[in-house]
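This report refers to the structure that appears directly beneath it.
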Amino acid sequence: MLSRPQRWLPIVLFAGISLALAGGWAFTIHADAQDARERDELLAEQTALRVSDWVNSRLALLRALRSVAQSGELNAAWGVRVRHAVEQIGGFQAINWVDAHGVITRLAPTDGNEAALGRNLLDHSVVGDTVRASMNDFEDRLSPPIDLYQGGRGFTAYVPARAEADGRLLGLVNGVFRADQLAADCLDGLSPHHAVRLTDAGEALVTSPNFAQLSDQSRAIAWVHLGDRTWKLEVRSSHESAPLAVATLVFGACILLSAALAWLLDIALARQRQVALAHAERARIEARLRAAERLEAMGHLAGGVAHDFNNLLTVIIGHTDLLRANLDAGGRDRADLDESVAAIQDASIRAAAVTSQLLAFSRREPVTHGTVDAVAHLRDVAPMLRHLATEAVTVAVDLPPGPLWTACPAAVLDRVLVNLVANARDATDGHGTVRIRVRPDGEHVRITVSDDGRGMPKDVLAHVFEPFFTTRANGSGLGLATVYGLVHQRGGTVDVSSVEGEGTTFVIQLPACDPADGPSPVAAPTSTTRHGGAAPAIRVLFVEDNDAVRATVRRGLKNAGFDVAAYEDGESALTHDGPVDLLVSDLVLPGIDGATVASRLLERTPDLRVIIVSGYSDQPGSVDALIARGARFLAKPFEVRDLVALARSLMGRERGPTTAPRVRGDATVDTLSEEV
């Protein structure tokens with residue numbers, strides 16, 4: 001007979017197991033609900049990021065089209081580029097050009113959008129205030145949700161374009177977005193158990209069909225911030241956890257307490273792993289977005305600041321040259337004044353070097369044209385590279401027997417090699433081997449620079465091309481960023497791989513080309529004589545929008561014996577009715593650019609000589625066309641004596657061939673879609 005305690009043992013055991021299973025069941029239900037809430041919140045945040053990325057990527061296209069309009073290319077080709085961009089990217093009903101009065105004057109594509117042409121958006125009941133605000137404060141703006149003329153819901157964006165010269169409003173690039181396309185790209189991949197509604201100030205933009213059916217289920221909210229607009233993203237879901245909980249309770253009653261505890265522990269760990277993976281993915285996406293924004297902002301900053309800085313440097317170097325010339329004629333105390341002049345000129349040249357590095361990173365390096373045999377050139381500069389690497393570091397050069405011509409000036413190739421060899425030297429800590437190998441690779445010339453140094457960890461490798469990023473105490477962080485900008489500007493690519501403890505390898509791909517034929521010199525143009533046989537002064541038409549640069553260069557040319565007529569823009573220069581022997585023009589001008597001025601004057605005076613000067617150019621194709629017709633390019637900053645020497649040399653030389661060799665794979669003449 002069992003004792004009283006023994007009788008109660010099965011009941012106690014059953015009660016204990018039942019209580020344990022009940023506790024485990026309750027924990028499972030709670031954990032499942034908590035997990036569902038966290039998944040919904042994470043899903044809402046990820047969906048908001050996708051919506052933000054979708055809108056911002058298309059706003060970037062509109063900003064690129066604004067740059068095209070500001071450069072004076074608002075013509076029929078503009079519509080072709082817009083249609084190509086719409087087909088490639090999608091999401092647009094149309095992309096319009098709105099003039100300074102709020103009237104739609106251009107649209108693309110035209111099919112199905114004809115009703116919008118000629119409409120005054122300032123009179124629109126919904127978007128009128130948005131258009132007016134964008135015109136007043138010159139800020140990019142989004143409209144509230146609207147009913148499209150073509151049917152369906154959507155919204156519009158307005159990107160104002162200003163004249164660079166006086167800041168006046170040229171017009172607005174107007175993007176018309178379809179809400180159904182946004183939903184198809186960002187929301188249609190969601191599970192059937194989820195529904196989404198996207199609203200702007202309470203007005204629905206996108207709503208899932210089953211959103212109302214899930215009104216009593218769990219929900220999560222995220223916010224999408226787009227300029228002055230804030231969209232509310234609401235996610236609702238249904239989680240059928242009750243059947244799972246009942247099955248768990250029935251199954252758990254038949255197993256031991258240890259199995260139930262192990263099962264609960266596994267669920268908890270799986271939930272933690274899922275949450276950790278979701279948070280890691282979110283962190284990766286945010287890091288990528290921050291890196292892209294940082295690189296884009298740095299590129300725009302470098303390009304804009306360097307362009308203005310080049311004008312100042314031209315003035316400084318020009319006045320230095322004029323001051324030295326005046327000292328030679330005045331006979332004053334030269335020791336003290338020459339020392340001051342040398343200091344000013346040295347500081348200007350150093351500032352120009354910094355500007356060049358910033359421009360190289362922003363891909364707005366002054367346009368330099370030319371080709372080079374990479375094999376012969378590397379063979380010539382190999383002693384210099386060995387000297388740069390120091391005696392303790394061996395530089396091994398592996399070259400093919402034949403020539404390999406590439407569309408890259410020798411000076412640019414030197415800068416790339418010097419930066420890479422210096423970086424490899426530092427990576428070997430002063431003792432090791434740097435290997436340089438040149439080989440053909442289809443339509444490219446492949447240059448490989450490798451070292452057997454300490455290598456780089458993955459976290460350093462991810463930032464190696466970022467400006468101002470360096471692991472050296474005295475490093476500037478611009479060396480590899482400069483390499484990246486120079487190579488990509490000339491249509492090439494640069495890749496890097498590294499293994500810690502084994503070394504690093506950089507692979508440069510530059511477009512291959514045929515050897516360029518230079519202009520053939522012939523007899524200088526004849527000139528009439530007057531007053532006892534003296535040759536007449538060369539008549540120069542000088543066009544420059546910067547007042548200080550214009551005054552400095554005009555004075556230097558007059559002192560050198562030239563007859564100079566100076567103008568501040570292309571329109572006024574084209575009104576000049578006197579004879580002209582030489583045109584010297586800045587490329588970037590308000591209104592008509594320097595390339596257009598040169599082309600029109602060449603139509604009137606076919607034997608006119610042309611020199612184009614600029615700190616950078618967004619129109620390399622126009623520069624190529626002028627050089628093919630015999631023009632010369634001089635990069636800012638420059639010394640006045642360099643301009644004088646180039647002008648005299650050009651006036652004594654016949655023009656080059658009427659066509660220039662086309663470089664295979666030249667990325668500097670890409671279409672608008674590749675710019676975007």
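The values are calculated or read from the model by the stated rules, or taken from the named source; none is laboratory data. Here the structure is a predicted model, which means the values were calculated and not measured. Cβ coordinates were reconstructed from backbone atoms using ideal geometry, including for glycine residues, and neighbour counts include every protein chain displayed. Quick note on the areas: whole protein, heavy atoms, side chains included, nothing else; ligands and nucleic acids left out. Shrake-Rupley method; radii C 1.70, N 1.55, O 1.52, S 1.80 Å.
Scoring Asp642 on the criteria (1) open to solvent by less than 60 Å² (accessible area, probe 1.4 Å); (2) under 20 Å from Gly370 (Cβ atoms); (3) at pLDDT 80 or above leaves a single failure, condition (1). In the set Val584, Val580, Val588, only one residue is outside any helix (DSSP H, G or I), touching a His at 6+ places or on another chain (Cβ under 9 Å) and crowded, with 17+ Cβ neighbours inside 10 Å; that residue is Val588. Per the conditions (1) over 28 Å from Ala165 (Cα atoms); (2) of a type in the set (A, V, I, L, M); (3) open to solvent by less than 40 Å² (accessible area, probe 1.4 Å), the sole criterion not satisfied by Leu107 is (1). Whether a residue is surrounded by fewer than 21 Cβ atoms within 10 Å (Cβ to Cβ) and either in contact with a helix residue (DSSP H, G or I) (Cβ under 8 Å, 6 or more places away or on another chain) or under 16 Å from Ala60 (Cα atoms) (or both) was assessed, and Gly90 passes this test. Apart from one condition, Phe465 fits all of (1) farther than 21 Å from Val416 by Cα; (2) modelled with pLDDT under 85; the exception is (1).
In the stretch 543-559, what count of residues is obtained for those that are surrounded by 21 or more Cβ atoms within 10 Å (Cβ to Cβ) and either in a helix (DSSP H, G or I) or at pLDDT below 90 (or both)?
Total meeting the criteria: 5.
Answer with yes or no whether Gly491 is modelled with pLDDT of 85 or more, part of a loop (DSSP other than H, G, I, E, B) and surrounded by 13 or more Cβ atoms within 10 Å (Cβ to Cβ). It is true that Gly491 is modelled with pLDDT of 85 or more, part of a loop (DSSP other than H, G, I, E, B) and surrounded by 13 or more Cβ atoms within 10 Å (Cβ to Cβ).
For the condition in contact (Cβ under 8 Å) with a residue 40 or more places away in the chain and touching a helix residue (DSSP H, G or I) at 6+ places or on another chain (Cβ under 9 Å), what is the one hit in Val421, Val464, Val494, Val434?
On the way: Val421 fails: in contact (Cβ under 8 Å) with a residue 40 or more places away in the chain; Val464 fails: in contact (Cβ under 8 Å) with a residue 40 or more places away in the chain; Val494 fails: in contact (Cβ under 8 Å) with a residue 40 or more places away in the chain.
Going through Val421, Val464, Val494, Val434 in turn, the sole match is Val434.
In this entry, Val421 passes the filter for residues that are modelled with pLDDT of 85 or more, under 16 Å from Ile447 (Cβ atoms), assigned to a helix (DSSP H, G or I) and open to solvent by less than 20 Å² (accessible area, probe 1.4 Å).
Within the stretch 122-129, not a single residue is in contact (Cβ under 8 Å) with a residue 60 or more places away in the chain and either touching a Lys or Arg at 6+ places or on another chain (Cβ under 9 Å) or surrounded by 16 or more Cβ atoms within 10 Å (Cβ to Cβ) (or both).
Confirm whether Gly171 is open to solvent by less than 10 Å² (accessible area, probe 1.4 Å), at positive phi and in a strand (DSSP E or B). Against the criterion (open to solvent by less than 10 Å² (accessible area, probe 1.4 Å), at positive phi and in a strand (DSSP E or B)), Gly171 qualifies.
Taking the criterion of being of a type in the set (Val, Ile, Thr) and over 20 Å from the mean Cα position of the chain (by Cα), the residues of the stretch 34-82 that qualify are Thr47, Val51, Val80.
Close Cβ contacts (under 7 Å, 6 or more residues apart or on different chains) running from residues in the stretch 63-85 that are open to solvent by less than 70 Å² (accessible area, probe 1.4 Å) to residues that are modelled with pLDDT of 80 or more and among the small types (Gly, Ala, Ser) comprise Arg66/Ala161; Ala69/Ala161; Ala69/Gly171; Gln70/Ala161.
Among the residues of the stretch 94-101, are any more than 14 Å from Gly171 (Cα to Cα) and at pLDDT below 90?
The first filter runs over the stretch 94-101 and keeps only residues more than 14 Å from Gly171 (Cα to Cα), leaving 94.
Right, trim to at pLDDT below 90 and you get 94.
Yes: one or more hits.
Please find, among Arg439, Arg386, the residue that is open to solvent by 30 Å² or more (accessible area, probe 1.4 Å), part of a helix (DSSP H, G or I), over 23 Å from Val464 (Cα atoms) and not hydroxyl-bearing (Ser, Thr, Tyr). Before the answer, list the steps.
On the way: Arg439 fails: part of a helix (DSSP H, G or I).
Sole residue among the options that is open to solvent by 30 Å² or more (accessible area, probe 1.4 Å), part of a helix (DSSP H, G or I), over 23 Å from Val464 (Cα atoms) and not hydroxyl-bearing (Ser, Thr, Tyr): Arg386.
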